[in-house]
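Every number here is computed from the coordinates shown, using simple stated rules; none is lab data. Note that the structure is a prediction, hence the values are computed from the model and not measured. Cβ sites come from the backbone with ideal geometry, for glycine too, and all protein chains shown count toward neighbours.
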Amino acid sequence: MGNFNMDELMTVRTITEADLLKVQKGMTFPEVKKLLGRTLDVGSATMILRYQIESGKTIDISFQEDDIDYKNVKSGAELLGEAT
């Protein structure tokens, strides 16, 4: 098991809009975590990563299972437009 801080897994990471816009539709769960960093997984039986944008808005990135991996279904621009 890798080294990690339990507090990191229970905290919503703050990201920039520029980083969010790098997210592409079809990116896998590990690819998004590598790009944006570890954050709170709010999914229950599904993978949903929650991030806070530096503006204070929150986004949830959902992943759907395909034959090989879990993939993001929205681009960063789409996610930014849905931020609350």
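Tabulated values for the structure
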quantity	calculated
The chain: relative contact order as a whole-number percent, Cα under 8 Å and 6+ apart	33
Farthest positive-ward along region 34-84 dipole, Cα basis, beta-carbon charges - from Asn72, Gln52, Leu35	Gln52
Helix-only [θ]222 nm of the chain, DSSP H runs n ≥ 4, -39500 (n - 2.57) each, per residue, nearest 500	-6000 deg cm²/dmol
The chain: most fluctuating residue of Asp41, Asp19, Asp66 per GNM, C-alpha cutoff 10 Å	Asp66
Within-12-Å neighbourhood charge of Phe63 [Cβ basis; K, R +1; D, E -1]	-2
Linear extension gain, Val42 paired with Ser62, 0.36 nm per residue minus alpha-carbon span	6.2 nm
